[in-house]
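Structure, as structure tokens:
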Amino acid sequence: MRKPTQSQIAKLKEAVEFFSPVIKRSLQNKSNEADTRIIINDLLEKVFGYDKYFEVTAEHMVKSTYVDYAIVIDGKAEILIEVKSMDSNLKQDHIRQTVNYAASEGVKWAILTNGCEWQLYRVIVDKQVDKELFLKFSLLDPEIIDYTDLYVLTKESLRKGLIDEYWDYKNALKPSVVLNVLLSQPVIDKLRREVSAASGYKVTSEEIVDILVSKVIRPEVIRKSSTAQRKIPKKVVAKPSQGIDIDRLTPMQCEILKILKEANTPVSLDRIKELLIEKGLGFKSLAGTFRGLSIRLGGEISCEDGSYSISDYLKNLLEEKTGVIE
């Protein structure tokens, strides 16, 4: 991905620093939409580098109606712009009509702005028209702006095709994309072999997935990934404690609950394995066993930092139902 040079960033920052006080004062004065357009006209010229007489078209006509602004390069509309008053809170609904206009004109980009806040949307036309918020930034504080994002909207970037290149770059490195690759079978198999070789313990693919989704990958990324959701069991909403079913447990589940019931502190997985081996119980993996217990017991069994424990309620319930784990 080609990025702006330090001199290009310095030039952008200098321009933003000049306009920032103007924007702040206009915001305090609650400038109306007409006044906001005057400022945006100057921003498009002085910050983003467009010729405001020949490359910034006001009231651009689309299908017998008008959009607020269009950036026109070599006679072709490249970006449509929807303007709101300086004190307006920007909402995605504000850009919907402009996105539809852009789709009908074959324009891939649409901007929603009130002069302070800028939102760049990618216009997507598949079976229906859609949009994706690609970039957003505020011109109120020059010190916290990502100037690579801002540079993408400049005339120089548009002419060089960097705006499309930046879109491809950002999409290639989306957490969901990387996660899908990380949880693909070839990668899981490679991790299983490498972890087994490094640790001397033969782990399973299931155990690798379990540790990735429970300890390594950020939960919010997993929630947004359909691939991750397919690879992990769906969370079962914990039933009220009185509805817990501890009948018909497997022998392995009984032994694990017995270990946890007798412990006063959380028990590590390694210690559980040692105790099971001492009892003469063989196993390849305990992942499925713990998953079954989690589904059956809900929040009454918990794991933190690789150590397991059960609630006092469950301990009392196991005491009451003599013979369940004896």
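A few remarks follow.
- Among the residues making up region 119-133, those that are surrounded by 15 or more Cβ atoms within 10 Å (Cβ to Cβ) and in contact with an Asp or Glu (Cβ under 9 Å, 6 or more places away or on another chain) are Leu120, Tyr121, Arg122, Val123.
- The single residue among Thr113, Thr98, Thr65 that is farther than 28 Å from Ser26 by Cα and among the β-branched types (Val, Ile, Thr) turns out to be Thr65.
- Region 57-87, subset free of Cβ contacts under 8 Å to residues at least 40 places away in the same chain and of a type in the set (Gly, Ala, Ser), residue farthest from Ile163 (Cα to Cα): Ser64
- The residue of region 14-36 that is modelled with the lowest pLDDT, among those that are buried (at least 19 other Cβ atoms within 10 Å of the Cβ) and more than 17 Å from Tyr147 (Cβ to Cβ), is Ser31.
- Leading residue by the ranking (nearest to Lys84 (Cα to Cα)) among those in region 37-48 that are surrounded by fewer than 19 Cβ atoms within 10 Å (Cβ to Cβ), in contact (Cβ under 8 Å) with a residue 12 or more places away in the chain and not basic (Lys, Arg): Asn41
- Qualifying residue in region 132-146 (condition: under 21 Å from Thr65 (Cα atoms) and either of a type outside the set (Lys, Arg) or within 22 Å of the chain's Cα centre (by Cα) (or both)): no
- Pairs where the first residue, in region 1-27, is part of a loop (DSSP other than H, G, I, E, B) and the second is at pLDDT below 95 and β-branched (Val, Ile, Thr), C-beta under 8 Å, 6+ apart: Lys3/Thr148; Pro4/Thr148
So that you can scan it fast, the table gives a plain yes or no per residue for (1) within 17 Å of the chain's Cα centre (by Cα); (2) at pLDDT 85 or above:
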{"residue": "Trp167", "(1), (2)": "yes, yes"}
{"residue": "Val187", "(1), (2)": "no, yes"}
{"residue": "Leu191", "(1), (2)": "no, yes"}
{"residue": "Gly200", "(1), (2)": "no, yes"}
{"residue": "Ile208", "(1), (2)": "no, yes"}
{"residue": "Val213", "(1), (2)": "yes, no"}
{"residue": "Lys224", "(1), (2)": "yes, no"}
{"residue": "Arg230", "(1), (2)": "no, no"}
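- In this entry, Ser176 passes the filter for residues that are farther than 30 Å from Lys24 by Cα and in a helix (DSSP H, G or I).
The values are calculated or read from the model by the stated rules, or taken from the named source; none is laboratory data. Given the structure is predicted, the values throughout are model-derived calculations rather than measurements. Methodologically, a virtual Cβ is constructed for each residue, glycine included, from the backbone with ideal geometry; neighbour enumeration extends over all protein chains shown.
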